[in-house]
Amino acid sequence: MKTWFQQHINAARLAIRRLAATPLNTLLAVLAIGIALALPAGGQMLLANAQQILGQGATQQTTKRATPRVQISLYLNVDAERGSAESLATTLGKNPAIKSVEFIDRETTLQRMRQTAGLKEVIDALPNNPFPDALVITPNDESAEALESLAAELRSLSKIDHVQLDSAWIKRLDALLKVGRTFVALLATLLGIGLIAITFNIIRLQVMTMRAEIEVSQLLGATDGYIRRPFLYFGSMLGILGGLLAWSLVLAATATLSRPISTLGELYGTPLVLTSLGQQDVLVLLAAAAGLGWVGAALSLRQHLRAPTNG
């Protein structure tokens with residue numbers, strides 16, 4: 001086992017030396033791979049942010065409470081007593097279809113609306129508080145069918161003046177996000193194939209350049225695995241370097257777009273914060289890049305060394 005680990009360590013060191021031996025070629029290959037990977041990675045970043053932002057838009061109520069979860073707002077009759085609203089909130093909290101219920105009294109709503117640009121003077125001119133008490137319900141099931149069923153049940157309750165749920169908007173949003181996810185998946189697939197092709201050609205050139213050295217190693221009794229291992233590490237390292245570059249490009253794009261998007265959100269009175277790839281997405285990106293590089297190297301070795309690959 002120790003010998004096996006040592007062989008892999010030596011192969012990795014040899015791959016690093018080969019990368020460093022041709023810095024310009026390595027740089028150009030990493031740039032090509034990094035840019036190719038940055039496109040689907042950036043698409044995933046934008047899709048995740050769009051899902052969060054659109055989710056906030058779907059659930060933002062007149063109380064200006066935004067959350068990425070789908071919610072249903074219940075507005076009680078203006079003349080409903082405070083005790084009735086609190087009792088209803090307690091009852092709804094026991095409903096198995098409801099995850100949580102938040103009670104928002106009319107005074108809180110009034111104060112929040114006063115802080116909205118252009119509404120303070122209008123509200124101050126009103127003789128009474130026009131806003132009702134409200135209940136913000138977070139359902140357990142966010143599918144359009146379940147939301148419609150729950151909204152119908154809530155509309156049948158007494159003392160409820162209005163139930164706010166735009167199910168058609170939710171369906172359109174869900175369809176739009178599905179299209180976005182499909183597009184990113186197709187883009188990642190096509191560019192992943194491109195990454196394999198890039199690595200395939202790079203390894204092919206290396207094999208042709210080192211043909212004499214490979215033949216001598218075979219004559220000296222080197223196994224196929226011994227010969228192939230440095231090339232496989234070479235392809236994986238190219239992929240990882242390209243993945244790191246792609247991550248850096250996405251970070252740069254996030255930093256560049258954050259300020260304009262934040263300014264745009266301020267104009268619409270909605271806080272918009274652009275976030276980069278999460279830790280899990282970064283790990284998936286690097287693992288996929290290394291795996292695609294390994295596949296490209298393995299395919300190239302299979303063809304040009306004319307023997308099965310093994311690690």
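A few remarks follow.
- Whether the stretch 251-296 is rounded, prolate or oblate, judged on the alpha carbon gyration tensor where a/c under 1.5 counts as rounded: prolate
- With neighbours defined as other Cβ atoms within 10 Å of a residue's Cβ, the residues Ser156, Ser73, Ser149 order from fewest to most as Ser156, Ser149, Ser73.
- HN-Hα J in Hz across the stretch 33-43 - Karplus 6.51, -1.76, 1.60, θ = phi - 60°, x for Gly and Pro: 5, x, 5, 4, 6, 5, 5, x, 5, x, x
Where a number appears in this text, it was derived from the coordinates with a stated rule and is not lab data. Note that the structure is a prediction, hence the values are computed from the model and not measured. No Cβ is skipped: glycine too gets one built from the backbone with ideal geometry, and neighbour counts run over all protein chains shown.
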